[in-house]
Amino acid sequence: ETGVTQTPRHLVMGMTNKKSLKCEQHLGHNAMYWYKQSAKKPLELMFVYSLEERVENNSVPSRFSPECPNSSHLFLHLHTLQPEDSALYLCASSQAGTGGIYGYTFGSGTRLTVV
Amino acid sequence: SQELEQSPQSLIVQEGKNLTINCTSSKTLYGLYWYKQKYGEGLIFLMMLQKGGEEKSHEKITAKLDEKKQQSSLHITASQPSHAGIYLCGADSYNNNDMRFGAGTRLTVKP
């Protein structure tokens, strides 16, 4: 256990479904991140929350909607996804402003399959 | 944005052999991180390098940073099957709002 917990671990959803991914960290960090990992591609940063405010949105389609109710919880709401959105979605946390000497701490990821 | 190129993309070695993975940045490095990932899992932090010429070791894994070349190398001595996985390098961006990653190097160690 890294201290960052993601649920569910696996998710299969139809293109018309609405689902949410959850991330929770118990490390006292104040920045949280969503990354998308597709086969043979670098990790793609999707969203950054620092001190509970969104600071970066890397032109992610609106069918992905993040929510950060407090510094310990992060959600990714999904609706009307496309098959190409199938990927491993990783959540990470850190002290805001830097990877620091210990880097980001990652959860185990949610493997999403869109059918 | 920061571009990180890793080489090789994949590597198959016999158990006991040494190997090296490289990571080259297109921009100035402010902090270089090495992670290991098992298939379908999250990333596990290995080590962080910040200063030119810095070298760190963790068990049989050694990483070095060449600040002038904007490059880092990860060296594994006497590889074991437990070293198998995907190794990724990451770098802090200038504004420190995010970390960018290379595409990873998939390592297979044959017993």
Tell me the carbon and sulfur percent of the accessible area for chain B, rounded to whole percent, probe radius 1.4 Å.
46 percent
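What number does the stretch B:6-98 give for Rg over Rh if you use C-alpha atoms and the Kirkwood radius? Don't skip to the end; give the middle numbers.
Details: Rg = 13.2 Å, Rh = 13.7 Å.
Over the Cα atoms of the stretch B:6-98, Rg/Rh equals 0.96.
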To the nearest whole number, what is the average tally of beta carbon atoms from other chains within 10 Å of the beta carbons of peptide B:30-36?
3
Net dipole in debye of the stretch A:1-110 [+1 Lys, Arg Cβ; -1 Asp, Glu Cβ; about Cα centre; nearest 20]:
340 debye
Chain A, Gaussian network, Cα under 10 Å: of A:Tyr102, A:Tyr89, A:Tyr49, the residue fluctuating most is A:Tyr102
Which of A:Ser93, A:Ser50, A:Ser65 fluctuates most in a GNM of chain A (C-alpha springs under 10 Å)? That residue is A:Ser65
Report the number of Lys pairs in the stretch B:1-78 whose alpha-carbons are under 21 Å apart, with separation of 8 or more residues or on distinct chains.
19
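Would you work out the charge dipole size for the protein assembly as shown about its Cα centre, treating the Cβ of every Lys and Arg as +1 and the Cβ of every Asp and Glu as -1, and quote it to the nearest 20 debye? Don't skip to the end; give the middle numbers.
Working: 23 positive and 20 negative charges, 122 e Å.
In total the dipole reaches around 580 debye.
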Taking the stretch B:1-87 and dividing mean pair separation by its residue count, relative contact order in percent (alpha carbons under 8 Å, at least six apart)
32 percent
Given a 1.4 angstrom probe, I'd like the percentage of the accessible area of the stretch A:23-79 that is carbon and sulfur, rounded to a whole number.
46 percent
If you build a Gaussian network model of chain B, linking Cα atoms that sit under 10 Å apart, which residue out of B:His83, B:His75, B:His58 swings the most?
B:His58
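What value in Å³ per residue do you get for the convex hull of the alpha-carbon atoms in the protein assembly as shown?
Spelled out: Cα convex hull of the protein assembly as shown, divided by residues, is 115 Å³.
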Kindly point out, ordered by number, any Cys in the protein assembly as shown whose beta-carbon has no other cysteine beta-carbon under 4.7 Å away.
A:Cys68
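For chain A, calculate the relative contact order in percent as a whole number, restricting contacts to Cα pairs under 8 Å that are 6 or more residues apart.
38 percent
Let's see if you can work this out: charge +1 on each Lys and Arg Cβ, -1 on each Asp and Glu Cβ, no other charges. What is the dipole magnitude of the stretch B:1-45 about its Cα centre, in debye to the nearest 20? It would help to have the intermediate numbers written out before the result.
On the way: 4 positive and 4 negative charges, 16 e Å.
About 80 debye.
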Positive-end residue of B:Gln37, B:Val109, B:Cys23, charge dipole of chain B with Cβ unit charges:
B:Val109
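The values are calculated or read from the model by the stated rules, or taken from the named source; none is laboratory data. As the structure is a prediction and not an experimental result, all values here were calculated from the model. Heads up, the Cβs are rebuilt from the backbone with ideal geometry, glycines too, and the neighbour counts pull from every protein chain shown. All accessible areas refer to the heavy atoms of the entire protein, side chains included, with ligands and DNA or RNA removed. Shrake-Rupley method; radii C 1.70, N 1.55, O 1.52, S 1.80 Å.
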